[in-house]
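The values are calculated or read from the model by the stated rules, or taken from the named source; none is laboratory data. Worth saying up front: this structure is predicted, and the values here are computed from it rather than measured. Reconstructed Cβ throughout: ideal geometry from the backbone, glycine too, with neighbour counts over all protein chains shown. Side chains included, ligands, DNA and RNA excluded: accessible areas come from the protein's heavy atoms. Shrake-Rupley method; radii C 1.70, N 1.55, O 1.52, S 1.80 Å.
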Amino acid sequence: MVGRIIKAISGFYYVADGDTVYECKARGNFRRQGIQLLVGDFAEITVNSNGYGVVEEIKPRRNSLKRPALANIDKLFIVSSHSTPSPDLLMIDRLTALANYHGIEPVIVFNKADMGDFSQFVDIYKKTDFRTYTVSALTGEGIDNLKSELVGCVSAFSGNSGVGKSSILNAIFGDLFNLATGEVSDKLGRGRHTTRHTELYRHNMDGFVADTPGFSSIESEDGNYDFKEHLAECFPEFTDFTTDCKFSSCTHTCEKGCGVLSAVENGKIPVSRHNSYLSIFEELKDLKEWNTKNSSKK
């Protein structure tokens, strides 16, 4: 049978087939071939008479991440809060770019609306293709609208500790998960990590949601030449203006006749978004094709 790996702990893989979950071990050939089994993988398993299984094969992945170790994710919810900690636009933009690169749909969530006004941040992302929500896990504001995004898909929530990822999931699903939440440290402005392993939870809207330990960012693609080459495409609001660039090799950083720079100057692309692009570009600019490390893009 074929099921989905929903949890991996100490060499045991828990594979869900409908409402039944089988505890499985993996064949030794996966290790010999250097194949890591990921939460979210579709796995072919055989089950013995005692109800325990063996993972025989991993089906092709639509996408995968190295850290957190997840596969076949449909949506990445990028959560920020109004304060403690306040929104980090570079972090948001880095995650949206990496999600786009991996073929994962990014959804931006501003939590703790009860603590202040998010309009200046929402206005930035109105000029992108990203759906953006303002919510309060404490009061319930905006939770019903956000809930609709989880229907029929596999989702993961990311963001700095203390932004309220688990609180949002608890507000949406109540006692279905009862995920642990941690108070924000006044000294550090961050929450205590409350999740210890990556796990997919099946929910009542025909989907799964991942709870991951310390998920504040996707593993850096700083060794990935392909990500560098496609960076501008990972900022979708650039697309309408790259055709206006004078040179096909335009990096959209400082060139004369650059359609993207012109759009920034005219207010059609938010300055903060272009600044984030420049920061990521600067990190990647010296990377050569022959230096490329193995990509986690599948």
Worksheet, complete the sentence: In region 44-69, anything within 29 Å of the chain's Cα centre (by Cα) and part of a strand (DSSP E or B) is listed as Glu44, Ile45, Val55, Glu56, Glu57, Ile58, Ser64, Leu65
Worksheet item: Of all the residues that make up region 113-124, how many are without any contact (Cβ under 8 Å) to a residue 60 or more places away in the chain and within 20 Å of the chain's Cα centre (by Cα)?
Response: 2
Discussion item. Among (1) acidic (Asp, Glu); (2) out of contact with any Ser or Thr (no Cβ under 7 Å at 6 or more places or on another chain); (3) open to solvent by less than 30 Å² (accessible area, probe 1.4 Å), there is one condition Glu229 misses while meeting the rest; what is its number?
Written reply: (3)
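Matching residues to (1) within 25 Å of Glu229 (Cα to Cα); (2) open to solvent by less than 10 Å² (accessible area, probe 1.4 Å):
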residue: Ala69; (1), (2): yes, no
residue: Ser81; (1), (2): no, yes
residue: His102; (1), (2): yes, yes
residue: Ile108; (1), (2): yes, yes
residue: Met115; (1), (2): no, no
residue: Val122; (1), (2): no, no
residue: Ala137; (1), (2): no, no
Worksheet, complete the sentence: Of those in region 20-43 that are in contact (Cβ under 8 Å) with a residue 24 or more places away in the chain and assigned to a loop (DSSP other than H, G, I, E, B), the residue farthest from Asp211 (Cα to Cα) is Arg27
Discussion item. Cβ contacts < 9 Å: first residue in contact (Cβ under 8 Å) with a residue 40 or more places away in the chain and within 10 Å of Ala171 (Cα to Cα), restricted to region 140-155; second residue open to solvent by less than 70 Å² (accessible area, probe 1.4 Å) and outside any helix (DSSP H, G or I), any location; separation 6+ or different chain. Result?
Written reply: Lys147/Met205
Worksheet item: Just one of the numbered conditions (1) outside any strand (DSSP E or B); (2) surrounded by 15 or more Cβ atoms within 10 Å (Cβ to Cβ); (3) modelled with pLDDT under 95 is not true of Asp175; which one?
Response: (2)
Discussion item. Can you confirm whether Thr242 is surrounded by 14 or more Cβ atoms within 10 Å (Cβ to Cβ) and under 20 Å from Leu90 (Cα atoms)?
Written reply: no
Worksheet item: Restricting attention to region 31-46, and to residues there that are over 15 Å from Asn72 (Cβ atoms) and modelled with pLDDT of 95 or more, which single residue is least open to solvent (accessible area, probe 1.4 Å)?
Response: Ile45
